[in-house]
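Have a look at the structure below before the remarks.
Bear in mind these aren't lab numbers, they're just calculated from the coordinates by the rules spelled out. Everything numeric here is computed off the predicted structure, so don't read it as measured data. Backbone-built Cβ (ideal geometry, glycine too); neighbour counts: all protein chains shown.
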Amino acid sequence: MDAFEIEGGARLAGEIRVNGSKNAALPLMAASLLTDQPLTLADVPDLSDIRNMRHLLDELGVEINQPQPGQLTLQTTDTSESHARYDIVKTMRASVCVLGPLLAARGRARVSLPGGCAIGQRPIDLHLHGLEALGARFQLEQGDVIGHVPGGRLVGNRIFLGGSFGSTVLGTANIISAATLARGTTIVESAACEPEIVDLANLLNRMGARISGAGSPRITIEGVDQLGGASHRVIPDRIEAGTLMVAAAITRSELTITNCPLDALMAATNRLEAIGVVVEPADDALSMRSKVRISAGESLSPCDITTQPHPGFPTDLQAQFMALLAVADGHSVITEKIFPERFLHVAELSRMGARLFRQGPTTIVSGVGRLVGAPVMASDLRASAGLVLAALAARGTSRILRVYHLDRGYERLEERLAAVGARIKRIGLDEHESPQPKVVVRKGIAPAYQP
Ligand code: EPU
């Protein structure tokens, strides 16, 4: 099982490019189920989640080729299989985004219920509610949701998609994908406004769909009889971009980030500026493919962060900003409003000397100036990113165990960070091998609170 070994304290310098977005690419790939014509996607990152989605679509009759790195062609050639099996769904919860396209195109779907994961319970009730409003019917059997469409074609409807924690990103993706082929018009109210939804609507419109309002809470879809092929370039990954910005800030470095979706990152850059980090776009216009210079001095100010649906501060950057605020000059408050249990990184950051006091969905971060290296365990994708960032700035050596979590969402992160000066390498660890990095204990460090 791979681990990262990181010698903290190196300054970063140079230029680093943001890859295509995983969370945009997954529903875009699932859109191939809506047509028998070829889709070509560019800038698809090479990640384990993408490979899992390829595997799933392959089982569902989609032929996938990779003519060159980052480019995929997807074409449905066989519609006989409509079962997303537990074996795949359990490795990647986002598999649920095949549900809407399968029901719309094949009138049937069997998708294993994703279940919870390290960041929380993660129900799909809103997905099912929306698809039922379009005429689908569901039953539960052997942990699988089995759906069918009486009459074979979905029918447009008005759907309110808000839940206790706001809207749902993949739920919105499922409903708008399904509604493209429904008879009549669908209006989704309280739709997710995330940039990944805009990207999906753009691809679907290129395929012949008639979707307006994506990016706002009300999306209107006029159903069409069929969709065709299209070519599309995946938007850059806003969470990877935000993670790289924090890498520059936490190491008090200057880094230029290219292909940066600055237009989708205003909540994050607003917080970075409050912390005292300088964010300098190369030109004035905010774009989804900006070039931006990030720099930070020795002193970082504390600030408060509340995660919210887009355009609020993204939950997927919460762990990374916690690492940054752990070395700021005072007290910060982080409140998690999307996944209230998403705090597994708190205990691991505490092992590195962070002073964190968690109470329910809120964690108080008392900055300690400098963290210390330690062996720590990655628990989920973004928590792992937070630990890598903490280790980059810590005194001494850290080992981040179980980086397969990180590999789900960051392509060759260690190589790319090493290319801008980080002292980081991937090592293969036997599960039974005891990780014993050199841990430097700083005199006078406040004892970490272990929640
Ligand atoms: N929710 C419900 N019912 C539902 C669906 C969601 O109550 O039917 C709740 C969730 O439990 C959560 C909130 O609504 O409290 C938002 O969940 P959402 O459905 O928006 O999450 P998702 O679509 O499953 C995507 C990203 C996540 C990201 C969230 C929130 C993908 C593949 N995943 O998940 O990304 O955290 O939106 O922005 O797009 C990650 O990349 O690390 C990651 C977890």
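Rounded to the nearest Hz, the phi-derived 3J(HN,Hα) couplings of segment 282-294 under the Karplus curve 6.51 cos²θ - 1.76 cosθ + 1.60 (θ = phi - 60°) are 5, 9, 5, 5, 6, 9, 7, 9, 7, 10, 9, 9, 10, where x marks glycine and proline. Pairs spanning more than 25 Å between alpha-carbon atoms, out of K90/K425; K22/K337; K337/K425; K22/K90: K90/K425; K337/K425.
With the dipole of segment 137-277 worked out from charges on the C-beta (+1 for Lys and Arg, -1 for Asp and Glu) around the Cα centre, which of F165, L227, N270 lies farthest toward the positive end? Toward the positive end, the furthest listed residue is L227.
Dipole of segment 114-186, Cα-centred, from +1 at each Lys and Arg C-beta and -1 at each Asp and Glu C-beta, to the nearest 20 debye? Mind dumping the intermediate values first?
Values: 5 positive and 4 negative charges, 56 e Å.
I would put it at about 260 debye.
Packing here is the average count of other Cβ atoms within 10 Å per residue, and on that basis the peptides 340-352, 41-53, highest first, run 340-352, 41-53.
Please sort through the DSSP H helices of the chain and keep those with an alpha-carbon extent of at least 27 Å along the long axis and a Kyte-Doolittle average not below 1.6.
Working: long enough: none.
Membrane-span-like by this criterion, though nothing is claimed about a membrane: none.
For segment 405-418, 3J(HN,Hα) computed residue by residue from phi via the Karplus equation (6.51, -1.76, 1.60; θ = phi - 60°) reads 4, 5, 5, 5, x, 10, 7, 6, 4, 5, 5, 6, 6, 5 Hz, glycine and proline entered as x. Among beta bridges identified by DSSP and lying wholly in the chain, the antiparallel ones come to about 70 percent. Close amide H contacts of L300 (hydrogens built in the peptide plane, cut-off under 5 Å, sequence separation of 5 or more or a different chain): D329.
Here the label points at D329 and S231, each 7 Å from Cα along the C-beta direction, are separated by 5.2 nm in the simple model. Here is the tail figure for segment 124-184: Cα pairs spaced more than 15 Å apart come to 48 percent of all pairs. For the peptides 270-276, 325-331, 308-314, 293-299, residues were scored by their other Cβ atoms within 10 Å and the scores averaged per peptide; the highest-first order is 325-331, 308-314, 270-276, 293-299. Across the chain, the convex hull enclosing all Cα atoms gives 131 Å³ per residue.
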